[in-house]
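Below is one structure, written out as C-alpha cells; the observations come after it.
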Amino acid sequence: MRRSIVVGVGGVVLTMVVAPWLPPYPLTLLTQAVIVAILAMSLDVLLGYTGLASLGHAAYFGVAAYAVGILSTQYQRGFVTCLVVGLVLATATAAFFGLLAIRAVGTYFLMITLALGMVVWGLAFRWVSMTKGDNGIAGVPRPELGLPWSMWNPLPFFYFSLAALVLSWALLALLVRSPFGLTLKGIRESETRMRALGYNVWLHKYLAFVLSGIFAGFAGVLWAYYNGFVSPVDVQLVTSVETLLMVALGGPGTLAGSVLGAGVIVFLKNFVSVYTKRWLLILGAVYIGVNLFAPRGIVGAFRGEQR
Amino acid sequence: MTAEFWISQAFNGLSYGALLFLLASGLSLIFGVMRIVNLAHGSYFMLGGYVGLSIVWRTGSYVLALLGGALALALIGMVMQRVFLQRLPGQTLGQVLMTIGFALIFQDLALLIWGGDPYSIPVPPPLQGVLTIGGLRFSRYRIFIVAVAIVVGALLWLALDRTRTGAIIRAAVDDAEMAGGVGIHVPRVSLAVFALGAALAAFGGVIGGGFLGVYPGADFEVLPYAFVVIIVGGLGSLPGAMVGSVLVGLLDNFGKALFPELSYFTLFAPMALILALRPTGLFGRV
C-alpha cells in the first residue's frame, strides 16, 4: 500500500516537472490522458472493487459534458454553475440507472447498463433541439477560474486537470481503503457470504454505483472544457467499452492501474492514428491481446501472484 | 391519426421486428449455450450484408447472396469461437472486451474492403413494389421479411423442440456440466450453435440490406436493438426472442413516428419497466 502511494505521487510529480518542456501536442495528449484517467478510476470502483462490469459508464460522463456544453454556450454560465449542474445531473442519472441495474446480476447487469447507456446516447443523438444531435455542441469556452493564468493556454489547463486528477485519486483511494471500500471488496469476492454476515449488499452496490457515476461526471465536466466540443461520440457504447479496456489493461482493483491504462490507451490511439489509418484494427488487436496475454492487467502482472 | 396511419405503422413495426428476430434469436441461442455476451453480433449482421452485396454484384443471384452471406459468417463465427472465445470460459469481462475487439476489427476491415459508401442490395423483381390490400399499400419486401421470419422461427422451434439435436442443445443450455456428464460433447454443441447464431445474423444482414441498406456503422446500430429484444424476452429463450422482437419493432416504429426526438427513450423506457417487474425478462429463467 505504501509503495503504491510512492509510485502515484512520484508519477504525478514527474509529469508536473516534465510538462513545461513538452511541445504542445504531447502536452494536449497528456491533459487528455489525465482527464480520461479520472473516468477510468471511477469505473474501477465498480469493476475492480465491487466486481460489477458496467457497459454504460459513458452515460454519466456524457450527461455532465452535455450540461457544461449547453450551459456554457447557450446560457453563458461560469465554471461553478457548470460544475455543480454537471455533477448533480451525473449523480441523478447514476442514482436512477442504479435503481434499475443493481437488481440484476452478472450478464443481466452488463446488458442493462449497456441499454441504459444507449438511452443517453439516443437522447444526445435525437433530441436535436437540446443537444444539436449529430453536429454536437461546439465552442465550449475554457473556464474562468479567477486565477492569474488563462485556461486557454495548454500548460495552466494541464495543471488544472492534474489537480483534479490528484483530488479524485486521493478521494477514491480513501474510499476504497475505508470500511465501506473493504465491504465492496468483500461483495466482489462473495456476495452471499457478505449477506450472511449481515451487510446490506444492495445498498453498498448502489452507493458504489452512484459514487462511481459522480466521478465519471467530474471527468465529463473537465472533458467538455478540454475538448471545447461535446457530441454523441462522448456517450456512445465504444467510449464506455474503451474505459473498460483501460481498467482491464491497467489491472482492475488498482487505481494506479486505471491511470496507467488510460495513459497507454490515449497515447496509443493518438500516435497510432498518426502513422496509419488502420488504428481500429490495432486497437481491436489490443482488446484481444490484453485478454490472451495479460488477463490481470499491467499492474497485476507486476505484482505477481499476490492479491 | 387515421386508422390507416396505425395499420401501416404497425405493419412497418412488425416487419422491423421480424428482421430483429433473425438477429436476436442467434444472439439468444449463443448466450443460452455459452453464456457469452457477444458484442460482435451486430458485426455479423453488417458483414453478412456486405458479403451478400458482393455475391449479388458477381452473380446477380439474391438467393446465393442469402446462402453465401450466412455460410461465410458461420465460418468466421466458428473460428472466433474455437480459437478465441473458448479460452475464456466464465470470464464475462474478458469476453466483452474480446468480442468488442473483434467488432472493431470487423468494422475496420469492412471499411477497407467495401469503402465508406452506403449500398443497397438489389432485391428480385417479384419482391419489389407494393401490394394494395383494401386500399392500404404494403411493401412486398416487408411482407417477405415477415414471412421469412415466421418460417425461420418455426424451423428453429421444430428443431429445438422436436428433434434429438434440439434436445441435446436444450440439455446444454439447461446445464452444460450435467449434459457433459451424460455424454454430450458440449464444446461441439457450442461450436455448432455459435455458427448457427452467426449465420442467422448474417442472413438477417442480407435481408436487411434490401431495405435498410448496407453501410458502415450498421453493426453498432442494430446491436442495442438485439440486446433490448433479448433483455425484454429473456436470455436464451426462443419464444422470448419472438415476443421481444415484435414488441421492440412496434415500440421503435411508433416511438419514431409519434415522438421523433425521444424515439430511443420510448424504446428503452418500457424495457426498464419490464426489467423492474421481471429482472430476467418476460420468458427468462435465472
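Counting the residues of the stretch B:261-283 that are within 11 Å of A:L100 (Cβ to Cβ) and among the aromatic types (F, W, Y) gives 1.
Among the criteria (1) buried (at least 21 other Cβ atoms within 10 Å of the Cβ); (2) more than 14 Å from chain B (Cβ to nearest Cβ), the one A:L280 does not fulfil is (2).
Can you name the residue in the stretch A:111-142 that is among the hydroxyl-bearing types (S, T, Y) and surrounded by fewer than 24 Cβ atoms within 10 Å (Cβ to Cβ) and, of all such residues, is nearest to B:R35 (Cα to Cα)? Here the answer is A:T131.
Would you check if there is a residue in the stretch B:127-135 being farther than 30 Å from B:V193 by Cα and in contact with a strand residue (DSSP E or B) (Cβ under 7 Å, 6 or more places away or on another chain)? Within the stretch B:127-135 (the criterion being farther than 30 Å from B:V193 by Cα and in contact with a strand residue (DSSP E or B) (Cβ under 7 Å, 6 or more places away or on another chain)), the answer is yes, since at least one residue qualifies. Has the stretch B:212-219 got at least one residue that is within 14 Å of chain A (Cβ to nearest Cβ), at positive phi and not charged (D, E, K, R)? Yes, because at least one residue in the stretch B:212-219 is within 14 Å of chain A (Cβ to nearest Cβ), at positive phi and not charged (D, E, K, R).
The helices (runs of 4 or more DSSP H) found wholly in the stretch B:129-182 and carrying at least 3 residues that are under 23 Å from the mean Cα position of the chain (by Cα) occupy B:140-162, B:164-174. Which pairs have Cβ atoms under 9 Å, sit 6 or more apart or on different chains, and link a residue in the stretch A:254-279 that is charged (D, E, K, R) to one that is at pLDDT below 80? Listed by first residue and then by second, the contacts come to A:K269/A:W279.
Mind telling me which of the residues B:Q91, B:Q81, B:Q86 ends up being closer than 20 Å to A:G51 by Cα and more than 7 Å from chain A (Cβ to nearest Cβ)? Spell out how you get there, then give the answer.
On the way: B:Q81 fails: closer than 20 Å to A:G51 by Cα; B:Q86 fails: closer than 20 Å to A:G51 by Cα.
Only one candidate qualifies: B:Q91.
Figure legend. Inter-residue proximity from the stretch A:166-192: first residues of a type outside the set (S, T, Y), second residues not in a helix (DSSP H, G or I), beta-carbon distance below 6 Å, spacing 6+ or different chains. Indicated pairs: A:R188/A:G51. For A:Y60, the requirement of being under 19 Å from A:F109 (Cα atoms) and among the hydroxyl-bearing types (S, T, Y) is met. Of the residues A:T73, A:T50, the single one that is modelled with pLDDT under 90 and buried (at least 24 other Cβ atoms within 10 Å of the Cβ) is A:T50.
The criterion of at least 3 residues that are touching a residue at least 60 places away in the same chain (Cβ under 8 Å) is met, among helices (runs of 4 or more DSSP H) falling completely within the stretch B:201-286, by B:218-233, B:238-258. Against the conditions (1) closer than 25 Å to A:L14 by Cβ; (2) of a type outside the set (D, E, K, R); (3) within 14 Å of chain B (Cβ to nearest Cβ), A:A262 satisfies every one except (3). Among the residues of this structure, A:G86 counts as one that is closer than 20 Å to A:G56 by Cβ and either away from every other protein chain (no Cβ under 14 Å) or of a type in the set (G, A, S) (or both).
Which one is farthest from the other protein chains (Cβ to nearest Cβ) among residues in the stretch A:119-140 that are among the β-branched types (V, I, T) and over 15 Å from B:F259 (Cβ atoms)?
Of all residues in the stretch A:119-140, those among the β-branched types (V, I, T) come to A:119-120, A:128, A:131, A:137, A:140.
Next cut, over 15 Å from B:F259 (Cβ atoms) only: A:120, A:131, A:137, A:140.
On the way: A:V120: 9, A:T131: 10, A:I137: 16, A:V140: 22 Å.
Selected residue: A:V140.
Here A:L55 meets the list (1) within 14 Å of chain B (Cβ to nearest Cβ); (2) assigned to a helix (DSSP H, G or I); (3) in contact (Cβ under 8 Å) with a residue 40 or more places away in the chain; (4) hydrophobic (A, V, I, L, M, F, W, C) almost entirely, failing just condition (2).
Considering the stretch A:160-278, the qualifying helices (runs of 4 or more DSSP H), each wholly inside and each with 2 or more residues that are at negative phi and under 16 Å from the mean Cα position of the chain (by Cα), run over A:201-227, A:237-250, A:255-275.
Scan the stretch A:168-178 and give yes if some residue there is among the charged types (D, E, K, R) and either over 15 Å from A:A64 (Cα atoms) or within 14 Å of another protein chain (Cβ to nearest Cβ) (or both), otherwise no. Checking the stretch A:168-178: at least one residue is among the charged types (D, E, K, R) and either over 15 Å from A:A64 (Cα atoms) or within 14 Å of another protein chain (Cβ to nearest Cβ) (or both).
Annotation: of all residues in the stretch A:28-44 being of a type in the set (A, V, I, L, M) and farther than 14 Å from A:G217 by Cα, the one that is surrounded by the most Cβ atoms within 10 Å (Cβ to Cβ) is A:V34. In the set (1) surrounded by fewer than 18 Cβ atoms within 10 Å (Cβ to Cβ); (2) touching a Pro at 6+ places or on another chain (Cβ under 7 Å), the condition left unmet by A:P23 is number (2). When every residue of the stretch B:5-12 is checked against the conditions, at least one turns out to be within 29 Å of A:I112 (Cα to Cα) and surrounded by fewer than 17 Cβ atoms within 10 Å (Cβ to Cβ).
For the stretch B:111-137, residues that are closer than 25 Å to B:R58 by Cα and either in contact with a Ser or Thr (Cβ under 6 Å, 6 or more places away or on another chain) or buried (at least 23 other Cβ atoms within 10 Å of the Cβ) (or both) total 1.
Hey, does the stretch B:182-202 have a residue that's of a type outside the set (A, V, I, L, M), surrounded by fewer than 17 Cβ atoms within 10 Å (Cβ to Cβ), within 14 Å of another protein chain (Cβ to nearest Cβ) and in contact with a helix residue (DSSP H, G or I) (Cβ under 8 Å, 6 or more places away or on another chain)? Steps first, please.
Filtering the stretch B:182-202 down to residues of a type outside the set (A, V, I, L, M) leaves B:183, B:185, B:187-188, B:190, B:194, B:197.
Narrowing further to those that are surrounded by fewer than 17 Cβ atoms within 10 Å (Cβ to Cβ): B:183, B:185, B:187-188.
In the following step, the residues that additionally are within 14 Å of another protein chain (Cβ to nearest Cβ) were identified as none.
No.
Among the numbered conditions (1) in contact with a strand residue (DSSP E or B) (Cβ under 9 Å, 6 or more places away or on another chain); (2) not in a helix (DSSP H, G or I), the only one that B:N38 does not meet is (1). Only residues that are free of Cβ contacts under 8 Å to residues at least 40 places away in the same chain, part of a helix (DSSP H, G or I) and more than 13 Å from A:V221 (Cα to Cα) were counted across the stretch A:71-109, and they come to 6.
Residues in the stretch B:228-286 that are closer than 19 Å to B:N12 by Cα, at pLDDT below 85 and of a type in the set (V, I, T): B:T266 alone. Out of the residues in the stretch B:247-279 that are over 17 Å from A:M118 (Cα atoms) and within 7 Å of another protein chain (Cβ to nearest Cβ), state the one that is surrounded by the fewest Cβ atoms within 10 Å (Cβ to Cβ). The selected residue is B:A276.
The values are calculated or read from the model by the stated rules, or taken from the named source; none is laboratory data. Predicted model, so just to flag it, every value in this text is computed and none were measured. Cβ: placed from backbone, ideal geometry, glycine included. Neighbour counts: every protein chain shown.
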